[in-house]
1. Within the P(r) computed for the chain, what percentage of the Cα pairs occupies the region above 25 Å?
2. What angle do you read, to the nearest 10 degrees and between 0 and 90, between the alpha-carbon axis of helix 91-111 and the longest principal axis of the chain?
3. Plugging the Kirkwood radius over Cα pairs into Stokes-Einstein for the stretch 5-87, at a temperature of 25 °C and a viscosity of 0.890 mPa s, what D comes out in µm²/s?
4. Mind listing the long-range amide H neighbours of Ala29? Cut-off is under 5 Å, sequence gap 5 or more, other chains count too, H placed in the peptide plane at 1.01 Å from N.
5. What does the charge count around Glu115 come to, taking other residues whose C-beta lies under 11 Å from its C-beta (Lys +1, Arg +1, Asp -1, Glu -1)?
6. Scan the chain and hand back the longest stretch that contains none of the trypsin sites (Lys or Arg not before Pro) lying in DSSP loops with at most 12 other Cβ atoms within 10 Å.
7. Rounded to the nearest 500, what is the chain's calculated 222 nm mean residue ellipticity when only DSSP H runs of at least 4 contribute -39500 (n - 2.57) each, over all residues?
8. Search the structure for amide H atoms under 5 Å from the amide H of Gly55, placed 1.01 Å from N in the peptide plane, and list their residues when 5 or more places away or on another chain.
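No lab work stands behind these numbers, since they all come straight from the coordinates. All of these numbers come straight from a predicted model, not from anything done at the bench. Note that each Cβ is placed from the backbone with ideal geometry, even for glycine, and that neighbours are counted across all protein chains shown.
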Amino acid sequence: MADTIQFDLVSPERRLASMQVTQVQIPGADGDMTAMADHAPTITTLRPGVLKVEGPEGSAEYVVTGGFAEVSSIGVSVLAERAVTKGDMTQDQLDDMMEDVQGIYAKAKENFQNEPGPVDDAAKLLSDMVAMGDEIGLSAKQ
């Protein structure tokens, strides 16, 4: 049997998961990555997406928006700004998340009129939210 590692997922509201897993697929801001036993120590920021875990007890998927993932020799710890079990995600929750991100984008456009960096970052966040909605089968209102 493959080596397992400890996986913990927490959001400001609660701990969503704490289990032994064989791999964790992380939607990193610089690209997706898969962490397994003996992975090099890494810290990455999260982009909106689906975090997937597989282990002896089966697989699970979680919708995450922002936060950090730390991969160490003992496991993977994910501190998400928002996290919901994929099966529990509703259209209303996605609509609320989209509204928040659209506000961030509008504020960036207003505050950084001649500075494309922050506006581009906010536009990327909005694009990632739309892609996440598509991946989980919900429609992101724009």
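1. So the pairs more than 25 Å apart make up 30 percent of the total in the chain.
2. Computed tilt is about 50 degrees.
3. On the way: Rh = 12.2 Å.
Roughly 201 µm²/s, to the nearest whole number.
4. Thr45, Leu46, Arg47
5. Values: positive: Lys109; negative: Asp120, Asp121.
Result for the local shell: -1.
6. Details: sites that count: Arg14, Lys141.
Of all site-free stretches, the longest is 15-140.
7. Values: 2 runs with 42 residues, N = 142.
So the calculated ellipticity at 222 nm is -10500 deg cm²/dmol.
8. Close amide H contacts, sequence-distant or interchain: Thr22.
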